Each structure stands twice: as structure tokens, then as C-alpha cells.
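Engineer: So that we are looking at the same thing, I have put the structure below in C-alpha cells.
The values are calculated or read from the model by the stated rules, or taken from the named source; none is laboratory data. These numbers come from a predicted model, not from an experiment. Cβ sites come from the backbone with ideal geometry, for glycine too, and all protein chains shown count toward neighbours. To get the accessible areas, we keep the full protein, side chains included, count just its heavy atoms, and leave off ligands, DNA and RNA. Shrake-Rupley method; radii C 1.70, N 1.55, O 1.52, S 1.80 Å.
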Amino acid sequence: MRHLWPLVVCVLLAFGLSHPAMAQDMVPERTTIIVRDVDFPGGDLRPIFDTTLTACDAACRADPDCTAFTFNSRSNACFPKSAYGEAVAFSGAVSGIIRAATAGAEALANRRWSDMAFLSQADIDAAYAQADSLGLTDYSGQFPAEDWRLSAQGAFDEGDTEGAMRRIGAAVATGDQARDWTAYARYLLAIETDNGSEMQQFEARALTAATNAALRASDGAELADALDMLAVALERGGRGADAIPALRLAIANNRTQARDEALDRVLGLFGFRVTDTRVDVEADFPRICATFSEPLAAGGVIYGDFVQSTVSGLAVEADGRQLCLSGVRHGERYEFTLRAGLPAASGEVLHAPVTLRQYVRDRAPSVRFAGRAYILPASEG
């Protein structure tokens, strides 16, 4: 059996790369709550000298015995601690409290991803990296998350959107809760700037934050709220087609009229749809063709059942992304409707009827000769 093991490993690896339900690290096991200008005296483990705050934090989180640390920014010294007590004021010191992930968070995140196949491995990796590092960029101190939520809402109400974003980031660092991640994404998307590069960065961070929210959200309204933000961020990031399954999942968890309307809008913009029409008029037998955003179902479909017209004798043919109607005549106008439910190869369907109007103009004038005919030059004679 030993010689079969490499094959088994290869199969498992291939499956893991293509199957989102395969378990992986989705939620950091330990994150950091940063408290500035304080020292946690006592409980020192082995100190680390000539280092950085980032390295100090990484060393503490990698050591299961480390529950906190103090970093002296003046001497670049790190003091990992097995325990910490009451904070003591110390200018220039940066202390960290290690926060363990909520029980069951990893399993929930893996289950969520299995329902969100529109998210890529890169999306999940970015979400993990954001959650892993947020505590080092959004210092929360020892204030409760609710204080930061109220402060963020106050800043937003006063028009300080970036301030609101930073404050809710501190709430995220404190509790790692889905609703705070959702608010973080919302505030990021609300930031306005004339700098295109900065705007793209805010939108990318919002997409990642909304992903983190969805991975942590409980069933029902909380997950639906996270998915609303995720759909908006996906569309803003040029991934409108991925917003469709996000909204469908939101509706499955908490259906509202607003979500139904949002889904109808993105289906019209990014779903399976007619993207162009054309008329072949130069052929002896003209035809009208509709071009779709993706290939039509290859077989087993009677497409004539999905075409409604007052004109009789039309023949319907599907090929790739095109649906063509022959049996039309030059010099006449036509109107026909493609019925909702017309299927694509992907399983998507036309979500609403589409009425098309076309004029089949006459062919361009031309001169033709039957058989072997010649034009002779003029001659005197």
C-alpha cells in the first residue's frame, strides 16, 4: 500500500485546490489587542532585543505560553509575558493582549465558504491576512467593543467617514464579530476621495472585510447583512456577476423587498442577458440574431418555445452565444419576445422577458451575371 500513498496525496491536493469545502485555516487562532503607552509588569518570558513591534507580536502569538507582551519602542526591546496584570502608564511602550479565536469560529467559516463558491482562494487568503493583522493597525486599547461602535457611529453621523472606519476597526480587533466586520466594510465603501488609487484600495479592503463578515456570521439576518455588503463590494470591484449568488444567498437567509430589487438589478446588469442583436440581410434568406452574455444550453431545449411572435413560419436555431430566427423577409419590420426561463449552458436562465424589434432592410444593390458572362469592351465597328 505504501506505493499508493503519493497518488493519494496528489488526489487530495488536487481536490483541495478545487473544492472550497476542504478544511483549511480560515480564522486566525490568535490575534492581538494593542494598548498604547502602558506596560504590563511581571510575568516575563525570555526577552527579545533589537526587534520590531511586528516581530514581537509574531513571537508572542507563536508561543502558546505567551498571553501578552510589552514592546519598548525606545529600545526596540520585546518582553513576552506568560500573564499580565493591571496596566501601568509607560510613555513609548506598546503592549499587546493575545485574544483567542471564538470557539467554533473555524468550523463555521469553513461551512460558510462551502456555500460561497463565488469566493476564490485569493479572497479567502486576503480575508485571513486582514484578520490576522488588523489589531496592529487599529489600536483598540482596553475599551469594550460597544464603546467603539458608538464612537464610530458618532463619527459617521458627523461626516468623518474615515474616522468611523478606524473606530469600528478597533471594535473588530476587540471582538472579531461579524456585525463589526460588516460595519467596517460599509464605512470603507462610504469613503469618498478623488484619488483613484486610494479609492481602489478602500474598495478592496471593503471586499475583504465583507468576506470576513460573511465567514463569521450566524444564519439569518446577520449573514444576509454581511452578504449585502459583500455583493456591493463585489460589484464595486468589477465582479458584478459574483454579486448575483451573494444576493441569492442573502435572500435565502432573510428575504426582503429591498434584496429582491437588488437581485433584479444585478441580474439585469450582469446576469444571463442579451448583449447585442444583428440582422443578416445580405444572404438570400435573411435572419435576425440575438447574442447572449454566455453560451446557450447545448441540447435538450426546444428554443422555439421561448420565442413569442405574431409572425408564423419562423425557424429558431441556437449556436454558441447566438439565437437566430430565419423565415423573415427583406423590407419588413419584426417584433418578438424572448421568454423568461430561456436557459444558458451554465444553468442560469433569462430572468425577465426581453422584447426585440428589428427592421430587415433590403440588400445593397449589386450586379450579377448568370453562368459564364463577360462584359466586352466598347469597340468601333
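Engineer: Could you list all residues from the range 56-88 that are in a helix (DSSP H, G or I) and out of contact with any Cys (no Cβ under 7 Å at 6 or more places or on another chain)?
Structural biologist: Of everything in the range 56-88, those that are in a helix (DSSP H, G or I) and out of contact with any Cys (no Cβ under 7 Å at 6 or more places or on another chain) turn out to be D57, A58, R61, A62.
Engineer: Suppose we keep only residues that are at pLDDT 95 or above and within 24 Å of F292 (Cβ to Cβ) within the range 241-260. Which one would you say is most open to solvent (accessible area, probe 1.4 Å)?
Structural biologist: The extreme case among them is R248.
Engineer: Further question on the same structure: From the residues in the range 311-321 that are within 18 Å of P286 (Cα to Cα), in contact (Cβ under 8 Å) with a residue 12 or more places away in the chain and in a loop (DSSP other than H, G, I, E, B), which one is most open to solvent (accessible area, probe 1.4 Å)?
Structural biologist: Looking at residues that are within 18 Å of P286 (Cα to Cα), in contact (Cβ under 8 Å) with a residue 12 or more places away in the chain and in a loop (DSSP other than H, G, I, E, B), I get G313.
Let's see how each residue does on (1) open to solvent by 20 Å² or more (accessible area, probe 1.4 Å); (2) aliphatic (A, V, I, L, M); (3) in contact with a strand residue (DSSP E or B) (Cβ under 8 Å, 6 or more places away or on another chain); (4) over 30 Å from D115 (Cβ atoms):
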site: G159; (1), (2), (3), (4): yes, no, no, yes
site: R167; (1), (2), (3), (4): yes, no, no, yes
site: Q177; (1), (2), (3), (4): yes, no, no, no
site: R186; (1), (2), (3), (4): yes, no, no, no
site: E192; (1), (2), (3), (4): yes, no, no, yes
site: N195; (1), (2), (3), (4): yes, no, no, yes
site: A204; (1), (2), (3), (4): yes, yes, no, no
site: T211; (1), (2), (3), (4): no, no, no, no
site: A214; (1), (2), (3), (4): no, yes, no, no
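Engineer: Just to be sure before I move on: is A131 of a type in the set (A, V, I, L, M), closer than 27 Å to A58 by Cβ and in a helix (DSSP H, G or I) in the structure I sent?
Structural biologist: yes
Engineer: In addition: Name the residue, out of D65, D25, that is open to solvent by 60 Å² or more (accessible area, probe 1.4 Å) and at pLDDT 95 or above.
Structural biologist: D65
Engineer: Additional query: May I ask you to say which residue of L296, L267 is aliphatic (A, V, I, L, M), within 29 Å of A252 (Cβ to Cβ), surrounded by 13 or more Cβ atoms within 10 Å (Cβ to Cβ) and in contact with a strand residue (DSSP E or B) (Cβ under 9 Å, 6 or more places away or on another chain)?
Structural biologist: L296
Engineer: Only one of these conditions is not met by A55: (1) under 42 Å from the mean Cα position of the chain (by Cα); (2) open to solvent by 60 Å² or more (accessible area, probe 1.4 Å). Which number is it?
Structural biologist: Failing condition for A55: (2).
Engineer: On to the next question. Could you check the range 39-57 and list, in sequence order, the residues that are free of Cβ contacts under 8 Å to residues at least 24 places away in the same chain and within 11 Å of N72 (Cβ to Cβ)?
Structural biologist: none
Engineer: Would you say S91 is out of contact with any Cys (no Cβ under 9 Å at 6 or more places or on another chain), part of a helix (DSSP H, G or I) and surrounded by fewer than 18 Cβ atoms within 10 Å (Cβ to Cβ)?
Structural biologist: no
Engineer: Also, I was wondering about something else. Residues to consider are D264, D242, D260; find the one that is over 20 Å from R112 (Cβ atoms) and touching a residue at least 60 places away in the same chain (Cβ under 8 Å).
Structural biologist: Selected residue: D264, the only one of D264, D242, D260 that is over 20 Å from R112 (Cβ atoms) and touching a residue at least 60 places away in the same chain (Cβ under 8 Å).
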